[in-house]
Amino acid sequence: MPNVLIAGSTGYLGGFLLTEAKQRGYQVRALTRSKERLSHAETAVDEVIVGQATVPNTLTGITDQVDVVISSIGITKQKDGLSYEDVDYRGNLNLLNEALASGVRKFVYVSALHADQMRDLKIVEAKECFVCALQDSGIEYAVIRPNGFFSDMRAFLDMARQGRAYLFGRGDFQINPISGRDVATRCLDAIDLDESELSFGGPVTYTHREIAEAAFALGAEPKITCVPTCVGRAILKLLRVATPVRVHGPIEFTLTVITRDMVGPTYGTDRLSDFFHDELS
C-alpha cells in the first residue's frame, strides 16, 4: 500500500480524503497549519505534519518516503494577506517542488469542473497556472475536476429558510453536484488510473429550479424569483471595476457558474436529496 500525503486535510474535502485513504489501508500523512484542527480525525491519520504550503521552509522533507501527494489546497476568499496566486498556485507549486525532490511517484491535484474554460476568473487562473506547472514537471499526475459540492448547495437551503429563492434566467440552468465523499473516492481511485484528467459530477442532473424546490422540503410553499441573466453580468462587470480582487474574486466565480450549465460526466452514488434531508432533519 502506498504512503499518501494529503494536503488541504482540514478543508471540506480533506476530511473525506483522510477517511477514504485510511479505509483503503494507506499510510496517511496529513499537512495542516494547526495540529488541533485535525484532532477530530486522529484515527484516520498516521502522521501529522505542521506546516504552511505558502512558506517553503516549513515543508522541507514533508514528502520523504511518500509515494503519492493529493492536494486540495486552495482558497475561496482572499484573507490574511494571501492571494489566490499565493495559495492556489505558489502553495501547490511548493508542494510539487518537494515531491519532485523526494521522488514522489504521483501528484493528484483537485481543481474544478470546466476550470480550463474559465481562466478569466482570478481564482480559476491561479488553479490553472498550477495545472500547467504540474503538466510540465515530468511527474506522473492526475488533475481532478469535480462539479460543485453538495455543501455548496446549502445556499439554496439558506434562501428557502429566508422564504424566497432567487435564480438567474428561467431557473433552467443545469448542474449535477457531487458529494465530498464521492470526490474523495475518485481522488483515491486516480492513484492507480492512467487518466491524467478526470472531470465529473454527481449521479443526478438538476435544474436550479428543481434544487430550489427541493430546498423548500420543510413544507413551505416554494417562492421563487427569477432574475435576468444580464443583471448578473452587469453586477459582475461593476464589481470588477469598483472592488478589489479580494472582494469580487469569490463573487465572480459564483456568478459565472450559476449563469451557465455546469454538467460533468456522472459519477458517484450519493444523492443531493439525501444531503438535503440530513441538513433539514
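The values are calculated or read from the model by the stated rules, or taken from the named source; none is laboratory data. These numbers were taken from a predicted model, which means no experiment stands behind them. Ideal geometry is used to build each Cβ from the backbone, glycine not excepted, and the neighbour counts take in all protein chains shown. Protein only, heavy atoms only, side chains kept; ligands, DNA and RNA dropped before computing areas. Shrake-Rupley method; radii C 1.70, N 1.55, O 1.52, S 1.80 Å.
Quick look at the numbers
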| read-out | value |
| --- | --- |
| Qualifying residue in segment 146-155 (condition: over 24 Å from Tyr12 (Cα atoms), at pLDDT 95 or above and part of a strand (DSSP E or B)) | no |
| Check on Ile211, buried (at least 18 other Cβ atoms within 10 Å of the Cβ) and closer than 21 Å to Phe156 by Cα | yes |
| Residue match in segment 164-182 (condition: among the basic types (Lys, Arg), within 21 Å of Leu93 (Cα to Cα) and out of contact with any Cys (no Cβ under 6 Å at 6 or more places or on another chain)) | no |
| Residue in segment 22-37 that is touching a residue at least 40 places away in the same chain (Cβ under 8 Å), in contact with a Lys or Arg (Cβ under 6 Å, 6 or more places away or on another chain) and open to solvent by 30 Å² or more (accessible area, probe 1.4 Å) present | no |
| Residue list for segment 38-52, restricted to those being open to solvent by 10 Å² or more (accessible area, probe 1.4 Å), within 23 Å of Phe130 (Cα to Cα) and either assigned to a loop (DSSP other than H, G, I, E, B) or of a type in the set (Ser, Thr, Tyr) (or both) | Gln52 |
| Residues that are open to solvent by 30 Å² or more (accessible area, probe 1.4 Å), under 20 Å from Gly180 (Cβ atoms) and free of Cβ contacts under 8 Å to residues at least 40 places away in the same chain, drawn from segment 1-21 | Thr10 |
| Criterion (touching a strand residue (DSSP E or B) at 6+ places or on another chain (Cβ under 8 Å) and more than 30 Å from Val66 (Cα to Cα)) met by exactly one of Ile191, Ile224 | Ile224 |
| Subset of segment 82-137 that is buried (at least 16 other Cβ atoms within 10 Å of the Cβ) and among the basic types (Lys, Arg) - its residue that is farthest from Gly202 (Cα to Cα) | Arg90 |
| First in segment 54-74 and surrounded by 15 or more Cβ atoms within 10 Å (Cβ to Cβ), second anywhere and of a type in the set (Lys, Arg), Cβ under 7 Å, 6 or more apart | Thr54/Arg90; Val66/Arg29; Asp67/Arg105; Val68/Arg105; Val68/Lys106; Gly74/Lys127 |
| Residues satisfying the stated conditions in segment 247-266, i.e. over 28 Å from Ser83 (Cα atoms) and within 16 Å of the chain's Cα centre (by Cα) | Val263, Gly264 |
| From Gly103, Gly61, residue being more than 14 Å from the chain's Cα centre (by Cα) and within 21 Å of Asp192 (Cα to Cα) | Gly103 |
| Tally of residues being under 12 Å from Ile224 (Cβ atoms) and either among the hydrophobic types (A, V, I, L, M, F, W, C) or buried (at least 19 other Cβ atoms within 10 Å of the Cβ) (or both) across segment 166-192 | 3 |
| Residues satisfying the stated conditions in segment 76-128, i.e. without any contact (Cβ under 8 Å) to a residue 40 or more places away in the chain and in a loop (DSSP other than H, G, I, E, B) | Asp80, Gly81, Leu82, Gly103, Ser111, Ala112, Arg119, Asp120 |
| Matching residues, segment 254-281, being of a type in the set (Gly, Ala, Ser) and open to solvent by 50 Å² or more (accessible area, probe 1.4 Å) | Ser273, Ser281 |
| Failed condition for Thr207, given (1) at pLDDT 90 or above; (2) over 17 Å from Thr256 (Cα atoms); (3) of a type outside the set (Phe, Trp, Tyr) | (2) |
